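Engineer: Have a look at this one.
Every read-out reported here was derived from the displayed coordinates using simple, explicitly stated rules and does not represent laboratory data. Quick caveat: nothing in here was measured; it's all calculated off a predicted structure. In this analysis, Cβ positions are derived from the backbone assuming ideal geometry, glycine residues included, and neighbour counts consider all displayed protein chains.
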Amino acid sequence: MKKILVIDDEPPVARLIAEALNAAEVEHTLDYFSDGGQGRVKAAQGDYDLIALDLAMPFMDGIEALTEMKQNPKTANIPVIVVTGVMDPQLHQKAMALGAAALIVKPFRTRELADTFEQVLSGEQVGPPPPGRPGSGLSRLGEE
């Protein structure tokens, strides 16, 4: 059973992540927080296998949360998948340089999300989307 933490200010994203994991038959429990500050505190309290993190959130953005989680010995080794609507390649590169295991741009395909989560949970480094095409050609949020 995989323990997943979703930190995103859009509650439907947590539901879509749960649906993608169910479709991929990944047994999991999922916790959800809507801002980076609360999420990073919860990450340090829990024993998570994976964190899904948005970049644009109120109170503490994803870059700040990722920086703090990677500096905290309790959370430094938890793989983080950035799931974001931010279309800034420089910010994507910064998230990857800070230690994100993968980056998915919203809107995303459910299969793409499930595949990325499976790869990261199995220990693979996935990387950012190809330059110049973040999010392009993808279906609307949650569509196949």
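Engineer: Using DSSP to define loop residues, name the GluC sites (Glu not before Pro) in the range 1-54 whose beta-carbon has at most 10 other beta-carbon atoms within 10 Å.
Structural biologist: Those that pass, being in a loop and sparsely packed, are 25, 27.
Engineer: Further question on the same structure: Taking K and R as +1 and D and E as -1, what net charge do the other residues with C-beta under 13 Å from the C-beta of residue 118 add up to?
Structural biologist: Result for the local shell: -4.
Engineer: Could I ask something else about it? At 222 nm, what helix-only mean residue ellipticity would the chain give, in deg cm²/dmol to the nearest 500, using -39500 (n - 2.57) for each DSSP H run of four or more?
Structural biologist: Theoretical 222 nm ellipticity from helices: -11500 deg cm²/dmol.
Engineer: Ok, one more. Take every Cα pair under 8 Å in the range 2-121 that's 6+ residues apart, average their separations, divide by the length, and report that relative contact order as a whole percent.
Structural biologist: With pairs under 8 Å counted, the relative contact order is 27 percent.
Engineer: Still on this structure, I have one more. Can you pull out the trypsin sites (Lys or Arg not before Pro) in the range 40-132 whose DSSP state is coil and whose Cβ has at most 15 other Cβ atoms within 10 Å?
Structural biologist: 74
Engineer: Given labels modelled 7 Å from the Cα in the Cβ direction, how far is it in nm from residue 29 to residue 111?
Structural biologist: Label at residue 29, label at residue 111, 3.2 nm between them.
Engineer: What chymotrypsin sites (Phe, Trp or Tyr not before Pro) does the range 22-107 have in DSSP loop regions with at most 14 other beta carbons within 10 Å?
Structural biologist: 59
Engineer: Sticking with this structure for a sec: In Å and from the alpha-carbon atoms only, list the Rg and Dmax of the range 2-121.
Structural biologist: Final numbers for Rg and Dmax: 12.7, 34 Å.
Engineer: Can you pull the one-decimal nm distance between simple spin-label points at residue 15 and residue 38, each 7 Å off the Cα toward Cβ?
Structural biologist: 1.8 nm
Engineer: Here is a further query. What's the ranking of 112-124, 75-87 by average number of surrounding C-beta atoms within 10 Å, highest first?
Structural biologist: 75-87, 112-124
Engineer: Taking 7 Å along the Cα-to-C-beta vector as the label spot, tell me the residue 47-residue 119 distance in nanometres, rounded to one decimal.
Structural biologist: Roughly 2.9 nm, to one decimal.
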